[in-house]
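Novice: This is the structure I have questions about; it appears just below.
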Amino acid sequence: MINKKWSLLIALLSLHIGAQQTESIKTRNSSAEKDAADREIAQLKRDLKVAHDQINDLQLELEKAQQYPLLDAIFSGANGFLIPQEEKNSISHRGGAPTYGEIKYPSLDAILHDLNVDENDVFYDLGSGVGKTVMQAHLNYPFQKTVGVELAPTRHKQAEAVADKLRNRMLEFRQEDMLTTDLSDATVIYMCSTCFSDDLMGKLLDRFTKLKPGLVVITLKELPDRAKSVGFDLIKKYTLPMSWSAGNSVYVYKYTKPRK
Ligand SMILES: C[S@@+](CC[C@H](N)C(=O)[O-])C[C@H]1O[C@@H](n2cnc3c(N)ncnc32)[C@H](O)[C@@H]1O
């Protein structure tokens with residue numbers, strides 16, 4: 001956070017210096033001097049635009065970061081790591097893994113910020129745990145609806161308890177299986193799939209091919225090799241911090257194949 005503030009200060013300073021330099025260049029007289037001055041001014045304008053863009057991005061990042069203590073407070077009592085053995089068995093039985101982990105707030109922001117989502121988008125987290133990702137997407141972005149799908153009742157109940165406290169737009173937590181839950185309105189799907197089996201990934205890909213073209217799938221495990229042939233293009237790859245790793249791969253796919 002301190003680094004961001006310094007970057008913002010430096011960008012503001014370069015903006016100020018650039019404006020002053022432009023004014024002093026304008027006072028030059030001879031034609032050679034004027035040509036050189038025009039070139040310098042053009043360069044300064046480009047530099048000023050870069051500084052402006054940097055400031056906008058940093059301001060957005062700072063605004064988002066201000067939400068993190070709020071999210072921490074909302075989830076202060078929640079813990080997705082401890083669940084009964086029978087719930088672990090039920091997850092394993094369906095190809096998932098009982099191991100728990102969470103994406104870090106800035107990591108999710110880095111991805112969703114780049115997607116430029118709007119009020120026509122519907123966000124799903126398949127395997128939403130205690131619901132942090134869904135809540136962050138709900139509070140920080142203009143999604144029409146944000147849905148968390150979680151199989152383990154212990155985790156699902158904690159997410160519901162939080163949602164009850166601040167339900168204000170379409171925010172939904174379902175205690176359902178990601179292989180059978182209704183995904184028909186999804187436009188953005190996130191899944192912390194590191195531990196999903198190949199079989200589960202294959203079944204999910206089959207489900208996704210029945211959804212709307214334009215669908216974005218954000219996944220920590222690559223989609224199966226055949227994804228490209230059924231219309232899923234890898235559009236971006238990130239390496240971002242998670243609760244269990246300082247740098248974990250994140251793959252973003254877009255479904256472009258129109259439905260027949
Ligand atoms: C690694 S956690 C991710 C938590 C959250 N998405 C995050 O990133 O902060 C994966 C979750 O998927 C859930 N899960 C596994 N298989 C599932 C299935 N078939 N249907 C729904 N949820 C499932 C697990 O119970 C676990 O809570």
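The values are calculated or read from the model by the stated rules, or taken from the named source; none is laboratory data. Just so it is clear, the structure is predicted and the values come from calculations on it, not from any experiment. Counting neighbours? That spans all protein chains shown, and the Cβs are built from the backbone with ideal geometry, glycine included.
Novice: So, of the residues in region 159-186 that are of a type outside the set (A, V, I, L, M) and over 16 Å from LEU126 (Cα atoms), which turns out to be modelled with the lowest pLDDT?
Specialist: This residue is ARG169.
Table: residues versus (1) within 8 Å of the ligand (Cβ to nearest atom); (2) touching a residue at least 24 places away in the same chain (Cβ under 8 Å).
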| site | (1), (2) |
| --- | --- |
| PHE81 | no, no |
| GLU87 | yes, yes |
| HIS93 | no, no |
| LEU112 | no, yes |
| LEU115 | no, yes |
| GLY127 | yes, yes |
| LYS132 | yes, yes |
| LEU139 | no, yes |
| VAL149 | yes, yes |
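Novice: For region 118-128, check the following and say yes or no: at least one residue is within 21 Å of THR239 (Cα to Cα), assigned to a helix (DSSP H, G or I) and within 16 Å of the chain's Cα centre (by Cα).
Specialist: No, region 118-128 contains no residue that is within 21 Å of THR239 (Cα to Cα), assigned to a helix (DSSP H, G or I) and within 16 Å of the chain's Cα centre (by Cα).
Novice: Turning to a different aspect of this structure: For the structure I just gave you, tell me whether ASP121 is under 28 Å from ALA186 (Cβ atoms), surrounded by 12 or more Cβ atoms within 10 Å (Cβ to Cβ) and touching a strand residue (DSSP E or B) at 6+ places or on another chain (Cβ under 7 Å).
Specialist: yes
Novice: Which residues, taken from region 116-157, are closer than 19 Å to ALA97 by Cα and among the polar types (S, T, N, Q)?
Specialist: Correct list: SER128, THR133, THR154.
Novice: Between a residue in region 176-196 that is outside the structural domain of ARG207 (by TED's automatic domain parsing) and without any contact (Cβ under 8 Å) to a residue 12 or more places away in the chain and any residue that is within 7 Å of the ligand (Cβ to nearest atom) and among the charged types (D, E, K, R), which pairs come within a Cβ distance under 7 Å, given they are 6 or more apart or on different chains?
Specialist: No pair meets every condition.
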